[in-house]
Amino acid sequence: MNDQSHNNESALVLFSGGQDSATCLAWALSRFARVETIGFDYGQRHGIELECRDDITTGLKRIRPEWQQRLGEQHTLDIPTLAEISDTALTRDVAIEMGEGGLPNTFVPGRNLLFLTFAAALAYRRGIRHIVGGMCETDFSGYPDCRDDTIKALNTALNLGMARNFELHTPLMWLDKAATWRLAEDLGGKTLVDLIVEKSHTCYLGERGARHDWGFGCGECPACQLRAKGWGAYTASHAEAKR
Ligand code: ZN
């Protein structure tokens, strides 16, 4: 996408308060004239993510003056039904492990399909054409609703079903976690990287006790391990570049 092509348009960003969606929010703020966010409360164990959002948006507004002007409404939708119909390690107090078909039991079936459909319904009402999400195919988990093919198919379905011309953007689709940190650095320099380390939340268990060099979290769950690994690769490439 041409960076200048949407500078008069609005975007709605799926913003959970995690590393990926915080990076997506900065990406959208650097491209669109107006940016609103949507978050979902579905009884997830790590509801703390949602609480991190205010700290992140406050920090983002300080990084660039135009980001402060562009950042608009922050929406939160309660969808408790998702917890009712899903039986996963994200909504229940059970150990995270691999389940059938190589998918971890953190997989909430249909979650991203629902999120994007709700986002599109809200975008429709707000007159917003661009929807931005942090779905990533290179992610460790292999969630089928994060795949590029799924997103493209859903984009078509939403456009047909709502008679709109939505564009779903997934800037992290082909990035690994180290590249996601680099993208944050490109967008907002060390200040943005520091903000995401300090304020974004990734841990599946919702722990913010221990502060690691990559941020807060239990350090053991798959999400923490992935974040730690990506941070390690990112800082190593930095050290390499300085030599
Ligand atoms: Zn964790």
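The values are calculated or read from the model by the stated rules, or taken from the named source; none is laboratory data. This is a predicted model, so every value here is computed, not measured. Ideal geometry is used to build each Cβ from the backbone, glycine not excepted, and the neighbour counts take in all protein chains shown.
How many residues does the range 45-61 contain that are touching a residue at least 24 places away in the same chain (Cβ under 8 Å), over 16 Å from the mean Cα position of the chain (by Cα) and part of a helix (DSSP H, G or I)?
Number satisfying all stated conditions: 1.
Mind checking whether some residue in the range 205-224 is part of a helix (DSSP H, G or I) and out of contact with any Pro (no Cβ under 7 Å at 6 or more places or on another chain)?
yes
Sort through 197, 193 and tell me the only one that's within 16 Å of the ligand (Cβ to nearest atom), β-branched (Val, Ile, Thr) and in contact with an Asp or Glu (Cβ under 9 Å, 6 or more places away or on another chain).
197
Filter the range 207-243 for residues that are over 16 Å from the mean Cα position of the chain (by Cα), of a type in the set (Gly, Ala, Ser) and within 8 Å of the ligand (Cβ to nearest atom) and give the result.
The answer is 217, 219.
Between a residue in the range 188-209 that is farther than 18 Å from residue 28 by Cα and charged (D, E, K, R) and any residue that is assigned to a helix (DSSP H, G or I) and within 15 Å of the ligand (Cβ to nearest atom), which pairs come within a Cβ distance under 7 Å, given they are 6 or more apart or on different chains?
From the range 188-209, the pairs are 199/52; 208/48.
Output the number of residues of the range 53-78 satisfying the condition of being under 22 Å from residue 108 (Cβ atoms) and surrounded by 22 or more Cβ atoms within 10 Å (Cβ to Cβ).
Looking only at that region, the number is 1.
Scan 123, 119 and give me the residue that is modelled with pLDDT of 95 or more, out of contact with any Phe, Trp or Tyr (no Cβ under 8 Å at 6 or more places or on another chain), buried (at least 16 other Cβ atoms within 10 Å of the Cβ) and not β-branched (Val, Ile, Thr).
119
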